[in-house]
Amino acid sequence: MQKQKIIFISLFVLVIAYFGGSYLYKNWYTQNLDFMAKENTSVFIRPHSPIYGDANAKNYIIDFFDPACETCKAFHPFVESIMKKHPGKFKLVLRYAPFHTDSYYVVQMLEAAKFQGKYDETLNVLFKYQNRWASHHSPNISLIWAFLPEAGLDVEKLRDDMKKPEIDAIIKQDITDGKTLGVTKTPQFFVNGKPLIKFGYKELQELIESEL
């Protein structure tokens, strides 16, 4: 009986320690990011970052995404719909976190599309046909080339522009900033520097609207 009591108490202490440690870590993480948002905004927003909405808006939503990520595809229009409800209040800033197989190559395509003024169109095409080229069991990036003309792209120019060293520098900067901010999955959102701790549509909407 005494042995069972000791085991029970030990388990209870471990549970308390786990949840207590988790709470302290989340609290430290949030405070640390809040400090960075005030002292080092550039880690959240870089000059190369694509921006949706009012570029002069005081509030910002950072979306670290991967074009091969199904959840990223689902959340993109959701965030845009929230922004439409609050015109001029937020800007959406896209950052790259190419975690999936060959996603780095796809991000190169996206960045190269900027040279033709077709970034949005290319992103829309990538998301539209994502289930065709980004199968998690057997992704086939080569399939994307057949879809890109739908974005109005000169595909041969895109192939050449993808080789530009500045594109590689942009992606590596986003990966570095993602590591600094503790991004380990996609999508990862930050609103005015505050991380979305509990993931979900409702939680993201509440975090965004709490910053108004």
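The values are calculated or read from the model by the stated rules, or taken from the named source; none is laboratory data. Model, not experiment: these values are computed from the prediction. Neighbour counts are summed over all protein chains in view; Cβ atoms, including those assigned to glycine, are modelled from backbone coordinates with ideal geometry.
Quick grid of which residues meet (1) within 13 Å of the chain's Cα centre (by Cα); (2) more than 18 Å from Pro67 (Cα to Cα); (3) surrounded by fewer than 19 Cβ atoms within 10 Å (Cβ to Cβ):
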residue	(1), (2), (3)
Lys164	no, yes, yes
Lys172	no, no, yes
Val183	yes, no, no
Pro187	yes, no, no
Pro195	yes, yes, no
Glu203	no, yes, yes
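Whether any residue in the range 117-136 is modelled with pLDDT under 95, farther than 20 Å from Phe189 by Cα and touching a Pro at 6+ places or on another chain (Cβ under 6 Å) is what I want to check.
No.
Being crowded, with 18+ Cβ neighbours inside 10 Å, modelled with pLDDT under 95 and under 20 Å from the mean Cα position of the chain (by Cα) is the requirement here; does Met83 meet it?
Spelling it out, Met83 is indeed crowded, with 18+ Cβ neighbours inside 10 Å, modelled with pLDDT under 95 and under 20 Å from the mean Cα position of the chain (by Cα).
Going by the conditions given, is Thr101 among the hydroxyl-bearing types (Ser, Thr, Tyr), in the same structural domain as Ile175 (by TED's automatic domain parsing) and modelled with pLDDT of 95 or more?
no
Here is a check on your reading of the model: is Glu121 closer than 30 Å to Val43 by Cβ, assigned to a helix (DSSP H, G or I) and touching a Gly at 6+ places or on another chain (Cβ under 8 Å)?
Judged against the criteria, Glu121 is a match.
Output the residues belonging to the range 133-152 that are exposed (fewer than 13 other Cβ atoms within 10 Å of the Cβ), of a type outside the set (A, V, I, L, M, F, W, C) and more than 15 Å from Thr101 (Cβ to Cβ).
Pro149, the sole residue that qualifies.
Taking Ala112 and the conditions (1) in contact (Cβ under 8 Å) with a residue 60 or more places away in the chain; (2) within 28 Å of Lys179 (Cα to Cα), which numbered condition does it fall short on, given that it satisfies the others?
The single condition Ala112 does not satisfy is (1).
Of all residues in the range 58-78, which are among the aliphatic types (A, V, I, L, M) and either surrounded by 19 or more Cβ atoms within 10 Å (Cβ to Cβ) or not assigned by TED's automatic domain parsing to the domain that holds Trp133 (or both)?
Listed by number, the residues that qualify are Ile61, Ile62, Ala68.
Quick test of your reading of the structure: Ala55 fulfils all but one of (1) farther than 24 Å from Gly182 by Cβ; (2) buried (at least 16 other Cβ atoms within 10 Å of the Cβ); (3) out of contact with any Asp or Glu (no Cβ under 9 Å at 6 or more places or on another chain). Name the failing condition by number.
In the conditions (1) farther than 24 Å from Gly182 by Cβ; (2) buried (at least 16 other Cβ atoms within 10 Å of the Cβ); (3) out of contact with any Asp or Glu (no Cβ under 9 Å at 6 or more places or on another chain), Ala55 misses (2) alone.
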